[in-house]
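*Asks:* Let me begin by handing over the structure; questions about it come next.
What follows is calculated from the coordinates using simple rules that are stated; it is not laboratory data. Treat the numbers as computed from the prediction; the structure is a model and nothing was measured. Note that each Cβ is placed from the backbone with ideal geometry, even for glycine, and that neighbours are counted across all protein chains shown.
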Amino acid sequence: MSSEKLVLDYSIPPTLLIQLSGDWRISTGVLGTEEVASGLTSHPDIVQINFSVAQDLKWDSGLIAFLLKLIKECGPKKIQVALQGLPPEAQKLLALALKVPEKTAAVPQAHGSLLEETGAKVLQIGASFGLAFDFLGDMAVSLCRLISGKSYFRWEDFYLLVKRCGVDTLLLVSLISLLVGMILAFVASIQLKMFGAQIYIADIVGIAMVRVLAAVMTGIIVSGRIGASFAAELGMMQANEEIDALKTLGISPVEFLVIPRMLALVLMMPILTIYADLMAIVGGFLISVWMFHLNPLEYLNHTQLAVHLSYVWIGLIHSFVFGVIIAFSGCLRGIECQRNAAGVGDATTSAVVTAITGIVIATAIITFICQVLGV
């Protein structure tokens, strides 16, 4: 039995010899295995297939596709396919192709008891804390190397990061802070107008925004914009093996990628918070003057008397801590990202959630400390 490219020789039972010749390139079409399959059916005693190659054989992936189909058909029939007679390059390609595992349907995992799932979750949280502390240690070492002048630190990247963290976020911070100041003025007026004390809107807006709210709102905005972008950038670098390339070159990814982002965000967060304070006060001023017809000079005078310098420093402390938390969360999730698109999405989401959770917890702790100290 023969064709232009393929000759089947059954003269040496229980072995089938397949002689390959002619053009096996994919441009001429991939030959089917029907001829070989019918020959194996008519000769059920065949237990092995061997190959011989003619001198005029021309091949590419078309031959590999034919051989793969033949090997898959011979598997259920327990027929061994010997590749020794094929060209060495074809043998290597087939070996690589056969190493790829076939996709299998995912088996649904049985849910354990509530106690088992709780324990697994606790162990997962413990492992996450361990990774976070390791990352924190790497950052501390990198900061020490930066201070000593031994780290891989590019000032050009740092300036661009400062612009991203500051200038590019300014418009959003302006809008949110202005509106929050207006909303706070409206809410305060509900009770104050019952006593004819609308002038104290200035005190409430000034103290609340300068002391806590401006820093918190700025932190949430920066978490969603900058923290998420840090996680996405580093996650894509992890997926593309760029971070592995840095390690291969002997460059610490924490020094080269994380520290510039951390310093840029920590530098810009207090500046953004001061700007948010001003915009919130302007928002309260507009509502009080235009809607409640308060004297502008009296409003500004009350704000100046109510907002002490210590409140400004408390707000700056909040913003400094929030900058560290946001940069730490974004970079940590990005460095730990899995090497696929879904992992990048999960890292971005986790960075925002972790940063906002950390902001709320840090706010509670700082507020409690200030209350204890009587500040």
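*Asks:* Work through the residues other than C337 whose Cβ is under 14 Å from its Cβ and net out their charges, Lys, Arg +1 and Asp, Glu -1. Can you show the working numbers first?
*Replies:* On the way: positive: R333, R339; negative: E233, E241, E242, D244, E336, D346.
Counting the neighbours of C337, the net charge comes to -4.
*Asks:* Mind checking the log10 I(q)/I(0) for region 6-99 at q = 0.10, 0.15, 0.24 Å⁻¹? Debye, one equal scatterer per Cα, no solvent, two decimals.
*Replies:* -0.24, -0.55, -1.45
*Asks:* I've got another one for you. Give me the compactness ratio for region 147-201, meaning the Cα radius of gyration over 2.2 N^0.38 Å.
*Replies:* So the Cα radius of gyration is 2.11 times the expected 2.2 N^0.38 Å.
*Asks:* Output ³J(HN,Hα) for region 156-165: one whole-Hz value per residue in order, computed from phi by the Karplus curve 6.51 cos²θ - 1.76 cosθ + 1.60 with θ = phi - 60°, and x for Gly and Pro.
*Replies:* 4, 5, 5, 5, 5, 5, 4, 5, 4, 6
*Asks:* Once every DSSP H run of n ≥ 4 in the chain is given -39500 (n - 2.57) and the sum is divided by its residues, what mean residue ellipticity at 222 nm do you get, rounded to the nearest 500 deg cm²/dmol?
*Replies:* -22000 deg cm²/dmol
*Asks:* Express in whole angstrom the spacing between the alpha-carbon centres of region 205-249 and region 2-77.
*Replies:* Using only Cα atoms to place each centre, the spacing works out to 59 Å.
*Asks:* Stokes-Einstein D for region 186-296 at 10 °C, 1.306 mPa s, Kirkwood Rh over Cα pairs, in µm²/s?
*Replies:* Using the Kirkwood radius from Cα pairs, D works out to 93 µm²/s.
*Asks:* Could you put W313, W290 in order, starting from the residue whose Cβ has the fewest other Cβ atoms within 10 Å?
*Replies:* Final ranking by Cβ density, sparse to dense: W290, W313.
*Asks:* Could you grab the relative contact order for region 6-99? Cα pairs under 8 Å, six or more apart, rounded to a whole percent.
*Replies:* Once divided by the residue count of region 6-99, the mean separation gives 31 percent.
*Asks:* I'd like the orientation of helix 309-335 relative to the chain: the angle between its Cα long axis and the longest Cα principal axis, in ° from 0 to 90, rounded to 10.
*Replies:* 0
*Asks:* Moving on. P(r) for region 134-373: what percent of alpha-carbon pairs falls in each 5 Å bin, starting at zero?
*Replies:* 1, 7, 13, 15, 16, 14, 11, 8, 6, 4, 3, 2, 1, 0, 0
*Asks:* Taking the beta-carbon count within 10 Å as an exposure proxy, list R333, R225, R154 from fewest neighbours to most.
*Replies:* Details: R333 28, R225 17, R154 10.
Result, fewest neighbours first: R154, R225, R333.
*Asks:* Let me ask you something else. As an exercise, identify the trypsin sites (Lys or Arg not before Pro) in region 1-62 lying in DSSP coil whose Cβ has no more than 16 other Cβ atoms within 10 Å.
*Replies:* R25
*Asks:* Using only Cα atoms, find the angle between the long axis of helix 61-74 and the longest principal axis of the chain, and express it within 0 to 90 degrees, rounded to the nearest 10.
*Replies:* With both axes taken from Cα atoms, the answer is about 80 degrees.
*Asks:* While we're on this one: Quick one: order V210, V258, V321 by neighbouring beta-carbon count within 10 Å, fewest to most.
*Replies:* V321, V258, V210
*Asks:* So which chymotrypsin sites (Phe, Trp or Tyr not before Pro) in region 165-233 pass both tests, a DSSP loop state and at most 10 other Cβ atoms within 10 Å of the Cβ?
*Replies:* Taking region 165-233 and a limit of 10 other Cβ atoms within 10 Å, the loop chymotrypsin sites (Phe, Trp or Tyr not before Pro) found are F195.
*Asks:* Just to verify a number: FRET efficiency for I361 and F186, C-beta to C-beta distance, R0 = 30 Å, to 0.05?
*Replies:* On the way: r = 29 Å, r/R0 = 0.96.
That pair, I361 with F186, gives E of 0.55.
*Asks:* Taking Cα pairs under 8 Å and at least six residues apart, what relative contact order does the chain come out at, in percent?
*Replies:* Once normalised by length, the contact order is 17 percent.
*Asks:* Calculate the radius of gyration of the Cα atoms of region 178-246 to one decimal place, then report Dmax, the largest Cα-Cα distance, as a whole number, both in Å.
*Replies:* In order Rg, Dmax, the Cα atoms of region 178-246 give 20.7, 68 Å.
*Asks:* Continuing with the same structure: What's the angle, to the nearest 10 degrees (0 to 90), between helix 114-147's Cα axis and the longest principal axis of the chain?
*Replies:* That works out to roughly 70 degrees.
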